[in-house]
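Colleague: Quick one: structure below, then a few questions.
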Amino acid sequence: MASSEPEREHREDEEAQAGDDEDTGAQVAPIVKLEEVAVTTGEEDEDAILDLKAKLYRFDKDGRQWKERGAGTVKFLKHKETGKVRLVMRQSKTLKICANHLVISTMTVQEHSGNDKSCVWHATDFADGELKDEYFCIRFGSVENCKTFLERFQEVAESQKKNVENKDASSAAGLLEKLSVEEKKSEDKAGKELASASEGEKETKSEEKPDADKKTESSSSA
């Protein structure tokens, strides 16, 4: 009987502790109040025109081999005002940028030889905080996604080419307009100078005429 008493007391202590751990419904105010912080990604002024999951590689010139840059989401982002498009890829877990460059009219992209799920292209990239000439290879999970990326890349490059042509045309038109204005100003200036010269000639002739009259009078008197 004596040996069972400590066991009973032990069970009672456990039940008491369990009762202490029960939710009483009381609310405890947090010691530190955390304020909501707005997080910016740098993509607020851009619209995503492509968003696909992929794995990116860059060619190591020194080691002469492909090295993985990360797996995540690749996007084409079009600026709402300028219309420029950049390619941005972030790693899925850390969100670290592994590719960040403009898509320009001179860029070409092609399917990787021997792999219909991969594409390769050259770019001047800024992912590491400085401009670097990179040779990228991107691999998708399906042939369809690879084809979509390839076609959209080519469409963007072509659209940027048209933007450049439009800007060149606008610049040319502005230059012609400027030249026309300057030419008109030159013509007006030349006209004014000619008019001034004509007025000067008239004044000179009018001054010379009285002298001629005086000479005529003098010869008559003689």
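The values are calculated or read from the model by the stated rules, or taken from the named source; none is laboratory data. Quick caveat, the model's predicted, so the values are computed rather than measured. Because the Cβ atoms are built from the backbone with ideal geometry, glycine has one as well, and the counts that use them run over all protein chains shown. Ligands, DNA and RNA are excluded from the accessible area calculation, which covers all protein heavy atoms including side chains. Shrake-Rupley method; radii C 1.70, N 1.55, O 1.52, S 1.80 Å.
Colleague: Considering only region 154-176, I want to know if a residue exists there that is modelled with pLDDT under 90, open to solvent by 70 Å² or more (accessible area, probe 1.4 Å) and small (G, A, S).
Modeller: Checking region 154-176: at least one residue is modelled with pLDDT under 90, open to solvent by 70 Å² or more (accessible area, probe 1.4 Å) and small (G, A, S).
The rows are residues; the columns are (1) in contact with a Ser or Thr (Cβ under 9 Å, 6 or more places away or on another chain); (2) open to solvent by 10 Å² or more (accessible area, probe 1.4 Å); (3) under 14 Å from K53 (Cα atoms).
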site	(1), (2), (3)
A71	yes, yes, yes
V74	no, no, yes
L102	yes, yes, no
E111	yes, yes, no
H122	yes, yes, no
D125	no, no, no
E144	no, yes, yes
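Colleague: Is it the case, given these coordinates, that L77 is at pLDDT 95 or above and closer than 25 Å to E151 by Cβ?
Modeller: So L77 fits the description; yes.
Colleague: Can you tell me which residues in region 42-62 are closer than 22 Å to T124 by Cβ, open to solvent by 40 Å² or more (accessible area, probe 1.4 Å) and modelled with pLDDT under 95?
Modeller: Correct list: G42, D45, K61, D62.
Colleague: Ok, one more. Would it be correct to say that L131 is within 17 Å of L77 (Cα to Cα), modelled with pLDDT of 95 or more and either open to solvent by 90 Å² or more (accessible area, probe 1.4 Å) or of a type in the set (A, V, I, L, M, F, W, C) (or both)?
Modeller: no
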